[in-house]
Each structure stands twice: as C-alpha cells, then as structure tokens.
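Heads up, the thing below is written out as structure tokens.
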Amino acid sequence: MRPARKALVLHNRDNVATALSDLEVGTLVIVKVGDQTMELIVNQAIPFGHKFAIENIEEGQPVYKYGEKIGKAAKPIKVGQHVHTHNLESIR
C-alpha cells in the first residue's frame, strides 16, 4: 500500500511545498520536485494548506510557489520550517 501524500510541490522552481493536511513536528514528508524525490522532516507544525520550506532560504532570497516569486524571506528559513507572514515579506 502506498503512503498518503502529505505535501505538494507545484513547480520545479518552487522552494516551498504546500501541506495537504495538518502536519505535526517530526513528520517525514516525501515530495517530488520534477524528476527528483526529496525526503524531509517538518520541524514546525504546518497547518493544512500552508507552506513549508523544502530548501534553506536565506534572508532576502525569493520564495517561489507555482514557479513564481510570491515574496522574499524576511529572515533565514530552514528546511521543514513553516513559511508564512512571520518570515515572508510581500514583494507587491
């Protein structure tokens, strides 16, 4: 039996994934990015529909979702951390 998908990456350029259910700290998540499969551990609680980093994102670096820049990191964001208004600045 195949395990349920816990997160989704929408574009090869994305550096965040979207949680498909509430994720608890320590949850192992497997995501497919293009032809690559990545495994990571969520180190913060991630609510359903929210984003988390799939790679380290340095302060000031763009955050990509849907293959588009959706903002920039207001502070460093580590793999598995929640990405939301507390660490993401709008670029509008």
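Does Leu88 satisfy the condition of being at pLDDT 95 or above and under 18 Å from Arg5 (Cβ atoms)? In short, no.
Candidates in the range 1-30 are the residues that are in contact with a Leu (Cβ under 7 Å, 6 or more places away or on another chain) and within 18 Å of Glu68 (Cβ to Cβ); of these, the one that is least open to solvent (accessible area, probe 1.4 Å) is Ala17. Restricting attention to the range 74-87, the residues that are assigned to a loop (DSSP other than H, G, I, E, B), in contact (Cβ under 8 Å) with a residue 24 or more places away in the chain and β-branched (Val, Ile, Thr) add up to 1. Are any of the residues in the range 82-90 among the charged types (D, E, K, R), farther than 18 Å from Leu8 by Cβ and in contact with a strand residue (DSSP E or B) (Cβ under 6 Å, 6 or more places away or on another chain)? There is at least one residue in the range 82-90 that is among the charged types (D, E, K, R), farther than 18 Å from Leu8 by Cβ and in contact with a strand residue (DSSP E or B) (Cβ under 6 Å, 6 or more places away or on another chain).
Candidates are the residues of the range 16-55 that are out of contact with any strand residue (DSSP E or B) (no Cβ under 8 Å at 6 or more places or on another chain) and modelled with pLDDT of 95 or more; the one that is nearest to Lys75 (Cα to Cα) is Glu55. Looking at Gly60, Gly71, just one residue is over 28 Å from Ala4 (Cβ atoms), part of a strand (DSSP E or B), touching a Lys or Arg at 6+ places or on another chain (Cβ under 9 Å) and open to solvent by less than 50 Å² (accessible area, probe 1.4 Å), and that residue is Gly71.
The values are calculated or read from the model by the stated rules, or taken from the named source; none is laboratory data. Quick caveat, the model's predicted, so the values are computed rather than measured. Here the Cβ is made from the backbone with ideal geometry for all residues, glycine too, and neighbour counts use every protein chain on show. What goes into the accessible areas is simple: the full protein's heavy atoms, side chains included, and nothing from ligands, DNA or RNA. Shrake-Rupley method; radii C 1.70, N 1.55, O 1.52, S 1.80 Å.
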